[in-house]
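These notes concern the structure reproduced below.
The values are calculated or read from the model by the stated rules, or taken from the named source; none is laboratory data. Treat the numbers as computed from the prediction; the structure is a model and nothing was measured. All Cβ positions, glycine included, derive from the backbone under ideal geometry; neighbour counts span all protein chains shown. For accessibility, only protein heavy atoms count, side chains too; no ligands or nucleic acids. Shrake-Rupley method; radii C 1.70, N 1.55, O 1.52, S 1.80 Å.
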Amino acid sequence: MATTGFVKKIRDIMRMDAGINGDAQRIEQLVWLLFLRVYDVKEADWEFDDDDYQSIIPEECRWRNWAEPDENGHALTGDELLDFVNNTLFPTLKELNVSSDTPIKKAIVKSTFEDANQYMKNGVYLRQVIDTVNEIDFEDVKESHAFGDIYEEILKELQSAGSSGEFYTPRAVTDFMAHMIQPRLGEKMADFACGTGGFLTSWIKELSKQVKTTEDQELFGESIYGIEKKPFPYLLCITNMLLHDIDVPKVYHDNSLLKKVLDYTDRDKFDVILMNPPYGGREDKSVQNYFPDDLADSETADLFMSVIMYRLKKNGRAAVVLPDGFLFGTDNTKVNIKKKLFSEFNLHTVIRLPGSVFSPYTSITTNLLFFDNTKPTEETWFYRLDMPEGYKHFSKTKPMKMEHFTPVMEWWNNRQEVEEDGWAKAKKYTVQEIAENDYNIDLCGFPHEEEEIIPPMDLINQYQEKRASLNAEIDHILDKIMAIMEDAK
């Protein structure tokens, strides 16, 4: 079938079902159906390659045996279909027998269904949705690839912004970071809060250009590692990886912050880390017990920065999205994290992004930090990426595109300081200059920002970050005054 209109067709059917309440449930319902369909297609490939392959899914629950019409054209529908899905399919998949010896590509079936839900109450509508999913021809390479793009559109659509501090990272941003980090076959890349797999997908896309042999394909398939705390994005990520021909996705449903960072060994480290850590969110205070006292904080982005530094291999490379608050923050924890970053890693480049890159999810301004684990920082380049000509803001209908990174890509290999209208657009700072500025690295910012109305929670978060920073500065100055007074006694 033509993939154009697929999402609209599914949406129209589900809107008639009394059990679906809102877009979030609609997409969750669609995703587990797609997972089973995609998994069945992958199993056909695995059976072709391995005569002894055995599915972990009992025969009656395999997609081909209940969702597709039999040889006589008969297919479950109505109450019969609902009864099967609610009372056989879901209980069976949730209770699959999985042990530590179970191969990952089989174990993911249970883990993806542990928190999945079946919402639809009308078996006829459910049949119509299944029939629509069955119209996708995964044997047609062109259509299969096109569906990969459609799937990513679905991912965008379901992203909800807000309290959890999780926002969809625009594909242009993940593609740019994966391109600049220069993936190499044999390397292992990690994202410890991988969401629906945006960075993993961009890495795969960039790395796939180097695959030429069977051995290359094997290295390619083993090159990603992801952790996602929330069940629904985890399910989306697994399906996303299967669609991108990662047959054994090493993506785990877990919380990356619940392990003592000091316990990590070389085996837990990675060649490359690409991340957009959740920011603006707060973790339970008990999570801080997993971090050294000087790095313990309730701000998730700070905690993830520490995890990244503890899990980056010697000579490894990292690219991380962080909000402005991390740059200008001078509270004790942020300063300690930045001191560790500058003294143990080479933070060579900071790209300041325009404010509306993450619109419409958040208007918090963000930055891309590129660093490696080769040596302590000696100097750091800052580059301000301005809005492209003709754009006032990015938006859902007018999003950032890869081509908008062209100016910084042209500058990257021929770095020069740039000044515009008396303001630094690109400039190199020594680590001494940064230390003298109390590790406030809010440098090469946007001088002509217009006042704009932003959502209340974003505004509150910005005020809280600025207040914490100001309090830290006041404390710092008071300490200096007290020290001078003590010396004068």
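The table below gives the values:
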| read-out | value |
| --- | --- |
| Within-15-Å neighbourhood charge of Leu219 [Cβ basis; K, R +1; D, E -1] | -4 |
| Crossing angle, helix 198-207 versus the chain [Cα axis fit, 0-90 degrees, rounded to tens] | 90 degrees |
| Asp51-Glu403 FRET efficiency (beta carbon distance; Förster radius 60 Å; 0.05 resolution) | 0.80 |
| Packing-based order for 255-266, 336-347, using average beta carbon neighbours within 10 Å, highest first | 336-347, 255-266 |
| Principal axis dimensions, largest first and in whole angstrom, of region 313-388 by Cα | 37, 28, 21 |
| Range of Cα positions in region 36-135 per principal axis (Å), largest first | 39, 29, 18 |
| Rounded to the nearest 20 debye, dipole of the chain from Cβ charges on Lys, Arg, Asp, Glu | 860 debye |
| Two-site label geometry, Met387 and Glu80: point separation in nm, points 7 Å out along Cα→Cβ | 5.9 nm |
| Computed label-point distance, nm, for sites Gln118 and Glu60 using a 7 Å Cα→Cβ extension | 1.2 nm |
| Within the chain, helix-based [θ] at 222 nm, where runs of 4 or more DSSP H residues each add -39,500 (n - 2.57), nearest 500 | -13000 deg cm²/dmol |
| Net charge contributed by nearby residues that have their C-beta within less than 11 Å of Ile20 (K/R +1, D/E -1) | +1 |
| Calculated log₁₀ intensity ratio I(q)/I(0) where the Debye formula runs over C-alpha points of the chain, q = 0.07, 0.10, 0.12 Å⁻¹ | -0.42, -0.82, -1.13 |
| Surface share of carbon and sulfur [accessible, 1.4 angstrom probe, percent] for the chain | 48 percent |
| Sparsely packed GluC sites (Glu not before Pro) within region 89-143, loop by DSSP, other Cβ within 10 Å at most 10 | Glu139 |
| Most to least packed among 34-46, 381-393 [average Cβ atoms within 10 Å] | 34-46, 381-393 |
| Extension gain (nm, one decimal) between Asp421 and Arg15, 0.36 nm per residue minus Cα-Cα | 140.8 nm |
| Reach of Lys269 by Cα under 12 Å, taken over aspartates and glutamates that are not fewer than 8 positions away in the same chain | Glu187, Asp191 |
| Whichever aspartates and glutamates have a C-alpha closer than 12 Å to that of Lys375, once near sequence neighbours (fewer than 8 apart) are set aside | Glu344 |
| Heavy-atom accessible area per residue - the chain, 1.4 Å, Å² | 48 Å² |
| Reach of Lys396 by Cα under 21 Å, taken over lysines that are not fewer than 8 positions away in the same chain | Lys8, Lys156 |
| Estimated FRET transfer efficiency (Asp137, Lys259; beta-carbon r; R0 45 Å; 0.05) | 0.55 |
| Local net charge near Glu60, Cβ-Cβ under 14 Å (Lys/Arg +1, Asp/Glu -1) | -4 |
| Extended-chain gain in nm, criterion 0.36 nm per residue less alpha-carbon gap, Gln217 and Ile104 | 38.9 nm |
| Modelled FRET efficiency - R0 45 Å, Glu71 with Lys205, Cβ distances, 0.05 increments | 0.70 |
| Where labels lie 7 Å past Cα in the beta-carbon direction, separation of Ser298 and Lys428 in nm | 4.2 nm |
